[in-house]
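Presented below is the structure to which this report refers.
The values are calculated or read from the model by the stated rules, or taken from the named source; none is laboratory data. Owing to the predicted nature of the structure, the values given are computational and were not obtained by experimental measurement. A quick note on method: Cβ atoms are made from the backbone with ideal geometry, for glycine too, and the neighbour counts reach across all protein chains shown.
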Amino acid sequence: MNKNERNFWLDWMMFIVFSITVVSGFLLWLVIPNSNTSVFAGIDRAVWLAFHVGSGFLGLFGVIIHIVWHWNWLKALRGQSLRTLKRPVRANRVVDRITWISFIATNIFGILAWLLSTGLPAEAITIFDRFHVAASIIWLVFLVAHLVLHQQWVDSATRRYLPFGLATNLKLNKECQS
């Protein structure tokens with residue numbers, strides 16, 4: 001497996017894990033907020049919270065691997081002024097930094113909210129819960145921007161590495177929308 005293929009499958013796994021994290025997070029925040037007796041789709045809030053926390057930790061692990069695999073690229077950019085970089089690289093660097101900072105904040109506030117909620121009533125909302133939600137929304141916005149900046153790579157890697165039928169269906173769906 002070459003480096004591009006390895007990155008593609010890690011990114012695909014992170015997309016699935018983060019999708020679970022985002023969906024469960026929005027459900028916990030907006031649909032079944034702060035009550036141990038809340039149920040959605042036949043699943044109680046505690047199970048949704050377990051999905052959210054578990055997928056969040058899996059995503060964190062995936063991001064750490066992603067950074068390790070891209071370390072040489074990150075090192076190459078270190079110490080270079082933003083003014084000296086070409087426009088696409090500069091945009092990518094700014095978006096990546098904001099994404100990274102908001103991701104770190106999301107995790108720190110999420111872990112603090114999770115750990116400090118022990119012993120509190122289920123209805124309690126801490127400042128860390130609110131910061132976790134705010135940082136998560138910022139992270140999600142900049143993650144989408146990151147994906148947009150890498151759209152060509154995503155398209156070509158999808159065509160190259162996904163099983164033939166799925167890649168063809170994705171391509172046909174995209175052509176139909178144009």
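Structure summary
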| read-out | value |
| --- | --- |
| Hey, residue 63 crowded, with 16+ Cβ neighbours inside 10 Å and either over 25 Å from residue 12 (Cβ atoms) or modelled with pLDDT of 80 or more (or both) or not | yes |
| Close pairs from the range 125-140: first among the β-branched types (Val, Ile, Thr), partner modelled with pLDDT of 90 or more, Cβ under 7 Å, at least 6 apart | 138/102 |
| Top-ranked residue of the range 2-50 - restricted to ones that are at positive phi and either without any contact (Cβ under 8 Å) to a residue 60 or more places away in the chain or in a strand (DSSP E or B) (or both), ranked as surrounded by the fewest Cβ atoms within 10 Å (Cβ to Cβ) | 42 |
| Qualifying residue in the range 74-92 (condition: assigned to a loop (DSSP other than H, G, I, E, B) and surrounded by 16 or more Cβ atoms within 10 Å (Cβ to Cβ)) | no |
| The range 123-178, subset in a helix (DSSP H, G or I), touching a Ser or Thr at 6+ places or on another chain (Cβ under 7 Å) and not hydrophobic (A, V, I, L, M, F, W, C), residue modelled with the lowest pLDDT | 146 |
